[in-house]
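Okay, structure first, notes after.
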Amino acid sequence: MIINNISTIIGMRKMTISETAKLAGIAYNTVYNLYYNKTSGIDFQTIDKLCKVLDCTTNDLIRYIPD
């Protein structure tokens, strides 16, 4: 199972969805959907931008946990 930690990381950085989207140059709806786990996939460019803005790695954003 893939676990999405994006909402946790944004919260730890005390940022808003809007602020994160603006700084990353990503559409608000994209970050909103990721934050609330309303997406089934994520683009590599989006991951790259989020990692830069949130000062984290891909392992921080998403994790794999065997079922």
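Exposure proxy for D55, D67, D60: other Cβ atoms within 10 Å of each Cβ, ordered fewest to most, give D67, D55, D60. Summarising the label geometry, the points placed 7 Å from Cα in the beta-carbon direction at K22 and S40 lie 3.4 nm from one another.
Where only DSSP H runs of four or more residues are counted, the chain gives -15000 deg cm²/dmol as its mean residue ellipticity at 222 nm, each run worth -39500 (n - 2.57).
Annotation note: chymotrypsin sites (Phe, Trp or Tyr not before Pro) in the chain located in DSSP loop regions with a Cβ neighbour count of at most 15 within 10 Å are Y36.
Projecting the Cα atoms of N37, I65, L23 onto the charge dipole of the chain (Cβ charges, centred on the Cα centre) puts L23 farthest toward the positive pole. Residue separation of R63 and I2 scaled by 0.36 nm, minus their Cα-Cα distance, works out to 21.4 nm of gained length. Entry note, the chain: relative contact order of 52 percent, from Cα contacts under 8 Å with a spacing of 6+ residues.
Computed from the coordinates by the stated procedures, all read-outs in this text should not be read as laboratory data. All of these numbers come straight from a predicted model, not from anything done at the bench. Cβ coordinates were reconstructed from backbone atoms using ideal geometry, including for glycine residues, and neighbour counts include every protein chain displayed.
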